[in-house]
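Down below is the structure, laid out as structure tokens.
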Amino acid sequence: MTSASPAVRNGRPLSGCFAPPGDKSITHRAVLFGLLAEGTSRITFPNPGEDCLGSLRCAEALGAAVERDADGWTLTGAGAHMRAAGGGLDCGNSGTTMRLLTGVLAGRPFDSRLEGDASLSRRPMARIIEPLSRMGARIESAAGGRPPLHVRGSALRGIEYDIPVASAQVATCLLLAGLSAEGATRVRLPGPARDHTERMLPAYGVELEVVELEGGGRSVTLPGRAELRACDVRVPGDASAAAFFLAAAAASPGAVVTATGMNLNPTRTGLLDVLAEMGAEVSLSRVRSEAGEPVGDVTVTGPHRLRAFDVPPEWAPRLIDEVPAWAVLACAAEGTSRITGAAELRVKESDRVLAIARNLAACSITARELPDGLEVTGGRPRGARIEAHLDHRIVMAFAALGASCEESMTFDDVSSVATSYPEFFPALAALGAVVEDHS
Ligand code: S3P
């Protein structure tokens, strides 16, 4: 965990290259698919944050053997020999760990208990409990479908299920449960949620049928029970981690910042489209394919003037984790920007609509909460003391905003940054922001 309490303010215009940490979503999947597989999988450049380390520890507790070195993890799966963990499985701050692992465990011949920190313990799990129960799973939760979850291993059957929200976590949870179910499992997503599971599973020997639906959603079918074979994964750079620096560059006239080796999966690049709409220059180079994902270097140049922009609601799933970074852009734009169709923001690591609006107000920026999004009017942000709400993306967004403020941005608690990007503050300083120890 990051122990110092940094204060961030402007230095020179941001400039330079940085390599974002490995993609968090892909790392979680590589760990859990590796656990399910027979044989040894190599995961190179995994996300080094606490969330993915938590998934790795859970995989070990369930019978995987893991060796860690400077470039990654070598994981020998438990496959059919997965065993009950000795105690509770600690999912920390990570909704992805809890939701995906519940899918892995629902159809096993043993019971499991999954628990999380104060933030995770407030997050909704009914969205997975309800469809898993239809598959035959038996899951007990705390009041209101909240963690901890007690999963009583049961025989599962495949179902057809229309997921009410465009959630890749829910889809992946059900497909993972489908791996140990009798018959086919078909899930339909109402919007363009991230598709890493569908891209990755075939490389582990699991065939899926994917049909694109009108309106950007898709239907994914797993034909029946399947066993995974080990697979090596080189994890691309995390677009959601890079977003803070790219947004800060766009918000600072004359800044030029390059994220190298960034994932360009179209389900994750909504923010790049927004940057371009608002008048920032976005250029791609060295575009290639890694782990079945498009990857490249992304350079953002801050224009003299950013235009306000209303993000169409159907874009929201493609930038749902980038909305805190979007707020940095909206502050620098002339006029009022809006994002709607993003009610999911209310149930992330914090209620991000509330956390962003309140912290922007503290920075003297006019921001209005909408039921499913935010409205932000550009202005001159002032440094303030930020309430992080145990949410890494709130800390990183306001630190990125601090890079354009004369007075320092300080924080009640920055420890959550370690969940996804332990080297965030040094990377921000290397690009030109002033980062001082405020403790
Ligand atoms: C994730 C999916 C998204 C995202 C989260 C990671 C994943 O959540 O916000 O950070 O790895 O599948 P939802 O599935 O709840 O939209």
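Things worth noting here:
- The lone criterion from (1) open to solvent by 50 Å² or more (accessible area, probe 1.4 Å); (2) within 16 Å of the ligand (Cβ to nearest atom); (3) of a type in the set (A, V, I, L, M, F, W, C) left unmet by V220 is number (1).
- Segment 390-434, subset within 23 Å of P48 (Cα to Cα) and among the β-branched types (V, I, T), residue nearest to the chain's Cα centre (by Cα): T419
- Within segment 51-60, the residues that satisfy the criterion of being of a type outside the set (S, T, Y) and either under 15 Å from A80 (Cα atoms) or open to solvent by less than 10 Å² (accessible area, probe 1.4 Å) (or both) are D51, C52, G54, L56, C58, A59, E60.
- Residue list for segment 292-312, restricted to those being open to solvent by 40 Å² or more (accessible area, probe 1.4 Å) and within 25 Å of K24 (Cβ to Cβ): G292
- Boolean, G86 is among the small types (G, A, S) and open to solvent by less than 40 Å² (accessible area, probe 1.4 Å): no
- Verdict on A388 being assigned by TED's automatic domain parsing to the domain that holds R307, within 16 Å of the ligand (Cβ to nearest atom) and open to solvent by less than 10 Å² (accessible area, probe 1.4 Å): no
- Highlighted here are the strands (runs of 3 or more DSSP E) found entirely within segment 350-439 that include at least 3 residues which are touching a residue at least 40 places away in the same chain (Cβ under 8 Å): 373-377, 434-437.
- Filter result for V274 (at pLDDT 95 or above, in a strand (DSSP E or B) and more than 16 Å from the ligand (Cβ to nearest atom)): no
- Hits in segment 164-210 - residues which are away from the ligand (no atom under 16 Å from the Cβ), assigned to a strand (DSSP E or B) and either at pLDDT below 95 or open to solvent by less than 40 Å² (accessible area, probe 1.4 Å) (or both): A181, T185
- All told, A70 falls short of being open to solvent by less than 20 Å² (accessible area, probe 1.4 Å) and more than 16 Å from the ligand (Cβ to nearest atom).
- Exactly one residue out of W315, W326 is aromatic (F, W, Y) and either buried (at least 24 other Cβ atoms within 10 Å of the Cβ) or outside the structural domain of D273 (by TED's automatic domain parsing) (or both): that is W326.
- Test: residue in segment 352-374 that is open to solvent by 10 Å² or more (accessible area, probe 1.4 Å), within 26 Å of M262 (Cα to Cα) and among the polar types (S, T, N, Q): no
- Selection count where residues are assigned to a strand (DSSP E or B) and aliphatic (A, V, I, L, M), scope segment 58-73: 2
- Looking only at residues in segment 97-131 that are surrounded by fewer than 23 Cβ atoms within 10 Å (Cβ to Cβ) and within 11 Å of the ligand (Cβ to nearest atom), the one that is nearest to G49 (Cα to Cα) is R123.
- Whichever residue in segment 152-163 is more than 12 Å from the ligand (Cβ to nearest atom) and part of a loop (DSSP other than H, G, I, E, B) and, among such residues, is nearest to L189 (Cα to Cα): I159
- Within segment 329-339, being polar (S, T, N, Q) and open to solvent by 40 Å² or more (accessible area, probe 1.4 Å) holds for one residue alone: T336.
The values are calculated or read from the model by the stated rules, or taken from the named source; none is laboratory data. On a predicted model such as this, the values are computed, not experimentally measured, just so you know. Virtual Cβ from ideal backbone geometry, glycine too; neighbours counted across all protein chains shown. Each accessible area value is taken on the protein alone, full model and side chains, heavy atoms only, with ligands, DNA and RNA left out. Shrake-Rupley method; radii C 1.70, N 1.55, O 1.52, S 1.80 Å.
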